[in-house]
Amino acid sequence: MRIEFLAHASFLITDAGGQKFMLDPYESQSFSGRVGYDPITIAPDVIIITHDHLDHSHTATIPGDFEVIRHQGYPLGVPVRSVQVFHDMYGGTKFGGVIDMKIFTIDGVTFCHCGDIGELLDDPEKRAAVGEIDVLIIPTGGYYTLGPEGAAEVTRKLAPKVVIPCHYKTPKCGFDIAPVDPFLTFFDHVTHVGGSTLDLTAAALPEPTQCVVLEMLYG
């Protein structure tokens, strides 16, 4: 399979059969231009959404004919489920309630996309509900989400084989959040891919946890 970082918290996963699953597509220039990434021009087969904020749930200008999964489903034979977490450390009262973290398995690799998680997953029942995962996609910029230290703590609790940071400060992101570098200091094994894509198979998952930094296709 191929994992591609589009921008912000949006990714495209293409399975071995060529089916395309898009995660949390953003609206270009939303939030008064603070989401300054270029418009998404790729046509997916499925769009999977963690929560209804403009930088995670935009579908109006995405090309093609696609199925949208907001909570759970079985699109194109892929089981998708949600685990609810708070958007912030205040029981969801600050930034809009709950996030439906998405857990799904493609080509034998189990993913968790955290959306805008803002809590530390201290609840063992929530951690158990997530279960064993191979790839964790987690926001690291802080303020609206977990910051570098909190995201690293959640990564340790979930123990994925690969963690991919997102939702951090870049030249095209106008949010007052941290860049990716502080998150990387918490890991002994960091790989800068040097492009926007990562090819991955279930048979070649690394151990211990590898932090993988992808460039943004639309960044």
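The values are calculated or read from the model by the stated rules, or taken from the named source; none is laboratory data. The structure displayed is predicted, hence computed values, not measured ones. Because the Cβ atoms are built from the backbone with ideal geometry, glycine has one as well, and the counts that use them run over all protein chains shown. SASA here: full protein model, heavy atoms, side chains in, ligands and nucleic acids out. Shrake-Rupley method; radii C 1.70, N 1.55, O 1.52, S 1.80 Å.
Structure notes:
- Top-ranked residue of the range 15-29 - restricted to ones that are under 16 Å from the mean Cα position of the chain (by Cα) and open to solvent by 30 Å² or more (accessible area, probe 1.4 Å), ranked as nearest to residue 216 (Cα to Cα): 27
- Within the range 70-113, considering residues that are farther than 17 Å from residue 125 by Cα, out of contact with any Phe, Trp or Tyr (no Cβ under 6 Å at 6 or more places or on another chain) and among the β-branched types (Val, Ile, Thr), the one surrounded by the most Cβ atoms within 10 Å (Cβ to Cβ): 106
- Selection of the range 42-54 for residues being surrounded by 21 or more Cβ atoms within 10 Å (Cβ to Cβ) and either modelled with pLDDT under 95 or part of a strand (DSSP E or B) (or both) yields 47, 48, 53.
- Hey, residue 150 over 15 Å from the mean Cα position of the chain (by Cα), over 29 Å from residue 128 (Cα atoms) and either open to solvent by 20 Å² or more (accessible area, probe 1.4 Å) or modelled with pLDDT of 95 or more (or both) or not: no
- Per-region count, the range 171-219, residues under 30 Å from residue 32 (Cα atoms), within 17 Å of the chain's Cα centre (by Cα) and touching a residue at least 60 places away in the same chain (Cβ under 8 Å): 9
- In the range 33-59, the residues that are more than 19 Å from residue 112 (Cα to Cα), among the aliphatic types (A, V, I, L, M) and touching a residue at least 24 places away in the same chain (Cβ under 8 Å): 35, 40, 42, 54
- The number of residues in the range 30-39 being out of contact with any Leu (no Cβ under 6 Å at 6 or more places or on another chain), part of a loop (DSSP other than H, G, I, E, B) and surrounded by 13 or more Cβ atoms within 10 Å (Cβ to Cβ) comes to 6.
- Every residue from the range 204-219 that is assigned to a loop (DSSP other than H, G, I, E, B) and either open to solvent by less than 60 Å² (accessible area, probe 1.4 Å) or closer than 14 Å to residue 10 by Cα (or both): 205, 206, 209, 214, 215, 216, 217, 218, 219
- Residue in the range 55-68 that is in a loop (DSSP other than H, G, I, E, B) and closer than 14 Å to residue 172 by Cβ present: yes
- Checking each residue in the range 157-173 for being of a type outside the set (Lys, Arg) and surrounded by 15 or more Cβ atoms within 10 Å (Cβ to Cβ) picks out 158, 160, 162, 163, 164, 165, 166, 167, 168, 170, 173.
- For first residues located in the range 5-18 and of a type in the set (S, T, N, Q), partners that are part of a loop (DSSP other than H, G, I, E, B) and lie 6+ apart or on another chain with Cβ distances below 7 Å form the pairs 10/24; 10/25; 10/26; 10/40; 14/1.
- Residue 101 touching a residue at least 24 places away in the same chain (Cβ under 8 Å), closer than 24 Å to residue 34 by Cβ and part of a strand (DSSP E or B): yes
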